[in-house]
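Accompanying notes for the structure given below.
The values are calculated or read from the model by the stated rules, or taken from the named source; none is laboratory data. This structure is a prediction, so every number in the text was calculated from the model and none was measured. In this analysis, Cβ positions are derived from the backbone assuming ideal geometry, glycine residues included, and neighbour counts consider all displayed protein chains.
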Amino acid sequence: MRNYKLSCQSDLTIAKKVRGVALITVLLIVALAAVLVTQMTGRLQLQMQRTNNISLNQQAYWYAMGAEAFAKTILIEAFKDEQDVTHLEQMWAQGETSYPVDFGQITGEIFDMQACFNLNALRIDRSAIPAGSGKPAIQVAFQQLILSLNVEGVTDFEADSMTDALVDWLDKDSAIESAGGAEDNDYAAKEFPYLPANHYLASITELRLIEHFTIPVINQLKKFVCVLPNTDLHKINLNTISTEQVKLLEVFLDIPPRDAENALADRKGDGFEKISEFFSHRDIAKHNNITEVMKDQFVVDSKYFRLKSIASFNDSYFALSTLMKVESNNNISVVSRTIGRD
């Protein structure tokens, strides 16, 4: 009888232990299921937010593309009656403009890309330069432009080296322009080596890769230079150049800045109809050193324009920079697009 009681107690103990293990197992399964559900819910929410962000960003993108299409229309309308003159009283030059749209806003501004010096104009074919003729005038002018910035520590030697290095970066060969130039060996010897483009610049920021150029010089140059991809066009518009950019007239015409300022100050609102009007100004005409070659660097109409647009939609925004060209038939073609702020 005693053995029977002990056996029953043992069975009850085992049963309790089994029920305890089963309960723990159930609790573990419930906990594991809760963790999985939490993770799945978190991933689902993340995926939904990601999809929503993509949708909002895509809408902002199409708003920016709409701004580009609208800018084309503005340029076409502006030049419908004034095909040979580009000036700052035309409708494209009204500055930054904002338009409200559903759940957002579009902001855009059009800039004349010939109201500055195209750095790609320094891409020169050396074989076309007569031996012993010295540096081309355009290189000398660019060197003087760097000097005129009055950046601390930049002397004639540094300006000369920057100019030569930029010419070497642009030219087709691997021959060094002069003592201050830089080619394959100079860039390949760096801690993080690379090679010069030996091609046109794509952006002003590319100057950071070129030997001798410093951030202070680049920041100051941005006020006077620009980049037109895949072209060495060098035609500065006398109607759209600002009074703060008289250094360009100073270095390319070799005249005092005061005379250049006076000529621009007397410029009419609708600009000069012909370049001869500018060069006949009393403060310009008195300089006998201005040659026809110098005058040929300037125009009164422009073909290249840049639209900087920012489109916002809810909490998303999209920044787009579009370089456009006015073709001979007055149609507008897109040369390049850059996503993001400059």
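General observations
- Residues that are surrounded by 15 or more Cβ atoms within 10 Å (Cβ to Cβ) and either at pLDDT 95 or above or over 20 Å from Ser148 (Cα atoms) (or both), drawn from the stretch 199-209: Tyr200, Leu201, Ser203, Glu206, Leu207
- Condition check for Lys172: over 19 Å from Ile218 (Cβ atoms) and basic (Lys, Arg): yes
- The condition (being in contact with a Leu (Cβ under 6 Å, 6 or more places away or on another chain) and touching a residue at least 24 places away in the same chain (Cβ under 8 Å)) is satisfied by just one residue among Asn120, Asn198: Asn120.
Results for (1) among the small types (Gly, Ala, Ser); (2) in contact with a strand residue (DSSP E or B) (Cβ under 8 Å, 6 or more places away or on another chain); (3) under 21 Å from Val225 (Cβ atoms), shown as yes or no for each residue.
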site	(1), (2), (3)
Pro257	no, no, yes
Glu261	no, no, yes
Phe279	no, no, no
Ile284	no, no, no
Val293	no, no, yes
Val299	no, yes, yes
Ser302	yes, yes, yes
Ala311	yes, yes, no
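- Hey, Val326 touching a residue at least 60 places away in the same chain (Cβ under 8 Å) and either outside the structural domain of Glu109 (by TED's automatic domain parsing) or surrounded by fewer than 17 Cβ atoms within 10 Å (Cβ to Cβ) (or both) or not: no
- The residues of the stretch 210-251 that are without any contact (Cβ under 8 Å) to a residue 24 or more places away in the chain and not charged (D, E, K, R), listed by number, are Ile215, Ile218, Asn219, Thr243, Val246, Leu249.
- Residues that are more than 18 Å from Asn120 (Cβ to Cβ), of a type in the set (Gly, Ala, Ser) and surrounded by 14 or more Cβ atoms within 10 Å (Cβ to Cβ) do occur in the stretch 136-148, at least one of them.
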